[in-house]
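The values are calculated or read from the model by the stated rules, or taken from the named source; none is laboratory data. In this text the structure is predicted, and so the values were computed from the model without any measurement. Glycine also receives a Cβ, built like all others from the backbone with ideal geometry; neighbour counts cover every protein chain displayed.
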Amino acid sequence: MAEEETAAMAPGKAPKKLIENGIRNDGRKPEDLRNLKITVGVLKKAAGSALIEWGKNRIMAGVYGPREVFPKHNMNPNKAIINCRYAMVPFSSLEEHGRFGPNRRAIEIGKVGKHVFENAILTEQFPKTMIDINIDVLQSDGGTRVAGIVAAALALVDAGIPMRDIPCGVSVGKVDGTLVADLDKTEDNLGQSDMPVIFSPRTWDILLLQMDGMLTKKEVMDGIDLARIATQRVHEMQVAALEAKYGAAAAGDDDSQDESAA
Amino acid sequence: MITNEVKEAFVLDLMKKNTRVDSRGMLDYRQISVQKEVYENCEGSAMAQIGDTKVIAGLKLDVATPFGDRPTQGVIMFNAEFSPVAHPDFTAGPPDERSIELARVVDRGIRSAECIDLDKLYMEEGKVLGVFIDLFIIDHNGNLTDAAYLASMAALRTAKMPKYEDGKLIREERTAPLPVARDVVSCTFEKVGDKILLDAREEEEVSSSGRVTLATCGDDLLCASQKSGRAGFSRAEFESMIDTALAKRKELLKYI
């Protein structure tokens, strides 16, 4: 989805070819990911944190909690409540100067992000508490919501919060009539459709799926399959980032790969 | 809180017996009606009713400044207001995440489907028409999204363009209808227990663990999707929801 609340959100008619002879503008094949690097534990004060560098995206995720609920009336006596705040800093985009804090787009992303982590976190283990997840986009380059969630998942692991799974995903879309994985900013703005997907890699359940633009049923289903293949690679990077900080034993032997083959 | 738990226990128990509060099939809509041109002052309006849920869409046209990167295109903007009269949980104040999500999900489908040809809203250098659609929820008994799509589309279909003269709108003189290229309808599914049902009532939404909205703009064309709620959905579940959304499209189009 277009990163800005401007007319750029209107479905664009691409002025130039974004894919030529099966090769995208930046030299990638349709299924290729951009360069991706994740670092766990980059902040001192936060209980857990991660920095993701994905294409030109630079996104910081930091977690606090479980801690006392504020405001109190939000408290749930049976489980922890999850707060998820997504925001882009004012200097994050190539376009005009923005503002601090979440706009309408960011509030919606925070909401669907919260739902992803409500699925993953064992909230019932921490009644009457809240867990705060902060996703701050320092530089945006398309696919920030999935990148932010991929980083936030690791920040939660870094904070020692028990989870069923480490949510992971990628954005897929239709660019110049071709389904591609991991759209960059230009493809996002000028392509025909964008579909960010977050999976629970252990079960491959879909925890987040948004779509804009026009797609046939077959394109949506093929998009989900392409997203799954790409997500597998992103998930390997997640596990590697945890191993880099905690060692292979702590990151756990990831048996999800075996299950997924079934 | 407690009443929600009671509702949930009741609904989940019915699900186990494979039935619903109102004995509907899992993929059936309640009775739908759409009243068009309910108000005269705005350029377009409609009220959609699904069961006891009532959503009003009001459409105003205004002279607007185009976005810098699209100087010859009109603009569309959606907003949703959850009036405190519609549900005991709704409070007055700035829009919360639910109303922002609703407005953005309806916006996404109608914008993606290119329902309005934005080039036709160009008036003159630096001046375009803005289409402002406000969704006013007055009675929330479940499935606001599908009602909001119906009301928005009906408002768009009935909207009339006012006369434009010297950079101003003469609202008393309405001429041509607003050009609308295609119709978008949505189907919203809720996962309740291990079942997926269409057009949830309020007590079913309270019991739901996850929601998927799929908007369609053609016989085999989707134009928006939104998944929310904590539950995960499998690939197979998505596929069958898409089939249902495409199959229900004809039924919903009758009301626009």
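Some notes on this structure:
- Residue list for the stretch B:191-232, filter: under 19 Å from the mean Cα position of the chain (by Cα) and either free of Cβ contacts under 8 Å to residues at least 12 places away in the same chain or at the interface with chain A (Cβ under 7 Å from one of its Cβ atoms) (or both): B:CYS217, B:LEU221, B:LEU222, B:CYS223, B:ALA224, B:SER225, B:GLN226, B:LYS227, B:SER228, B:GLY229
- Evaluated against (1) assigned to a helix (DSSP H, G or I); (2) modelled with pLDDT under 95, A:ALA152 falls short on exactly one condition, (2).
- When residues in the stretch B:74-116 are screened for being part of a loop (DSSP other than H, G, I, E, B) and touching an Asp or Glu at 6+ places or on another chain (Cβ under 6 Å), 1 of them pass.
- Taking first residues from the stretch A:147-170 that are farther than 13 Å from A:ILE131 by Cα and partners that are of a type in the set (Lys, Arg), the Cβ contacts under 8 Å between residues at least 6 apart in sequence or on separate chains come to A:ASP158/A:LYS245; A:ARG164/A:ARG202; A:ASP165/A:ARG202.
One line per residue, one yes/no per condition, for (1) within 14 Å of chain A (Cβ to nearest Cβ); (2) within 29 Å of A:GLY110 (Cβ to Cβ):
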{"residue": "B:PRO71", "(1), (2)": "yes, no"}
{"residue": "B:MET77", "(1), (2)": "yes, yes"}
{"residue": "B:GLU81", "(1), (2)": "yes, yes"}
{"residue": "B:GLU97", "(1), (2)": "yes, yes"}
{"residue": "B:GLU125", "(1), (2)": "no, no"}
{"residue": "B:PHE132", "(1), (2)": "no, yes"}
{"residue": "B:LEU150", "(1), (2)": "no, yes"}
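- Scanning the stretch B:233-245 for residues that are out of contact with any Gly (no Cβ under 7 Å at 6 or more places or on another chain) and within 7 Å of another protein chain (Cβ to nearest Cβ) yields B:SER234, B:ARG235, B:PHE238, B:GLU239, B:ILE242.
For every residue, the table says whether it meets (1) touching a Gly at 6+ places or on another chain (Cβ under 7 Å); (2) of a type in the set (Val, Ile, Thr); (3) over 17 Å from B:ARG24 (Cβ atoms); (4) buried (at least 19 other Cβ atoms within 10 Å of the Cβ).
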| position | (1), (2), (3), (4) |
| --- | --- |
| B:ASP134 | yes, no, yes, yes |
| B:ASP146 | no, no, no, yes |
| B:PRO179 | no, no, yes, no |
| B:VAL185 | no, yes, yes, yes |
| B:SER208 | yes, no, no, yes |
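- Subset tally (residues that are over 17 Å from the mean Cα position of the chain (by Cα), away from chain A (no Cβ under 14 Å) and crowded, with 21+ Cβ neighbours inside 10 Å) for the stretch B:43-69: 2
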